[in-house]
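To start, the structure under review is shown below, and the notes come after it.
The values are calculated or read from the model by the stated rules, or taken from the named source; none is laboratory data. Everything quoted here is computed from the prediction, not taken from an experiment. Note that each Cβ is placed from the backbone with ideal geometry, even for glycine, and that neighbours are counted across all protein chains shown. Quick note on the areas: whole protein, heavy atoms, side chains included, nothing else; ligands and nucleic acids left out. Shrake-Rupley method; radii C 1.70, N 1.55, O 1.52, S 1.80 Å.
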Amino acid sequence: MKTLKLIKKITPVIAAGMIASFAISPVSAAGMLPAVNLKADEDLLFFPDYAYVDPRSSLVRIRVHAWAFEPEKDSVKRKAVISLLKKQMGMPADSETAKLFEDRCMHFMVDQERGKSVAVRIGNDVYNVGMTDASGHTERALCLPLQMFNPIVVNNRGGANEGPVWFDVSTSSRSDPSRVYNAHTRFIPYNGVSVISDIDDTIKISQVADKKALLENTFINPYKDVPGMAKLYKKWADQGAEFHYLSASPWQLYTPISDFMKSAGFPEGIFKMKIFGMSNNFSTLFDGPEKIKTPYLTMVLKDFPGRTFVLVGDSGEKDPEIYADIARKNPGHVTHIYIRNVSGETRDSARMKAAFKGVSDDLWTLFTDTSEIADVNVK
């Protein structure tokens, strides 16, 4: 109990101290960074992740997710595949649509690099993230003793109202130490409210139920946000909510999707997407979300026993079933579920009754227009 009380007391102020203690200047720190065994024509991308204090072990856990790949911009094979796809989709070679399509396809045509040993610097120490697998990905929760944060807490002039922050953990390339890669990481306090949101047809119009429209909205059409959702999420962020964004889309689309969300005004957050390689059957590109969402939801709720969760999704796929199952298994932990109605159903439809069986009626809302929930607060 003493440890738990300490964690609740210090986590609001740990984050503010992390800026000074953990932020690494790419210029001054490059020579002191660990080096990944990347060749000159290979690249590394970190995806945003989170850090937290684990009350069960009194450790700070920092999740890091890296992807190593070799861009194939000049590949004859890549050009041939893109040319064929553009022809099949009826795109003029030099059109704006074709250019957008090429940008969206860019990370699908890379060689995913196995066997890259990734380590990162945090503070003054180096931590091993692991070896990239056949998909080029490696993920690990790094563990740091809670005690190492004590000086930060003591020296921090902030108080309990200090909010969480983003901080960077960093590495470099062995072939060129001036190439520095930063893992953008969010420190999330023990207490508070977290919003876990689906992306496709919840905040971005994708038309998942129509595969042709889905392909067009994924690869050739400008991304469009669901009206009112960015404003609602911004309000919740101003009230102190943290955000996790889930999608069954592959990580290859992370950059265009995250750029779109930033330009549309959605709050920064953690992403969880699908690992996909071109060696896979292409039909698996749009597999159902269960394999991604259920494990991730389970993990996040376990990592944050002191937080409450608002789950937001849509009726186009399995969000009602997935979210309701999580709510049943975590009573009191999920405070509300919001489902955007894209299928024309009602609360009394057979599907909704079956999905939310055993879930209190006042715990979930089926809405068609964002204006129906615009006044909702998450405090």
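For the range 255-379, report the accessible area per residue in Å² (1.4 Å probe, heavy atoms, rounded to an integer).
Working: 5900 Å² over 125 residues.
Per-residue accessible area for the range 255-379 comes out at 47 Å².
Could you please put M32, M91, M299 in sequence from largest to smallest accessible area, using a 1.4 Å probe?
Working: M32 115, M91 20, M299 60 Å².
Largest to smallest exposure gives the sequence M32, M299, M91.
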Please report, as a whole percent, how much of the solvent-accessible surface of the range 296-379 comes from carbon and sulfur atoms (probe radius 1.4 Å).
49
Describe numerically, in nm with one decimal, the distance between label points set 7 Å from Cα along Cα→Cβ at D176 and at A350.
6.1
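Kindly sort E72, E290 by accessible area of their heavy atoms, largest first, with the probe set to 1.4 Å.
Values: E72 40, E290 75 Å².
These residues rank, largest area first, as E290, E72.
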In the structure displayed, which of K116/K234; K99/K291; K224/K357; K211/K262; K212/K353 lie more than 28 Å apart, Cα to Cα?
K116/K234; K99/K291; K224/K357; K212/K353
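Sorted by accessible area (1.4 Å probe), largest first, how do S206, S343 line up?
Numbers: S206 0, S343 55 Å².
My answer, sorted largest first, is S343, S206.
Tally Lys/Arg at +1 and Asp/Glu at -1 over every other residue whose Cβ is under 10 Å from the Cβ of R186; what's the total? All intermediate terms of the calculation are to be shown ahead of the outcome.
Values: positive: R63; negative: D49, E242, E268.
Taking every Cβ under 10 Å from that of R186, the sum is -2.
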With a 1.4 Å probe and every protein chain left in place, tell me how much accessible area R56 has, in Å² to the nearest 10.
130
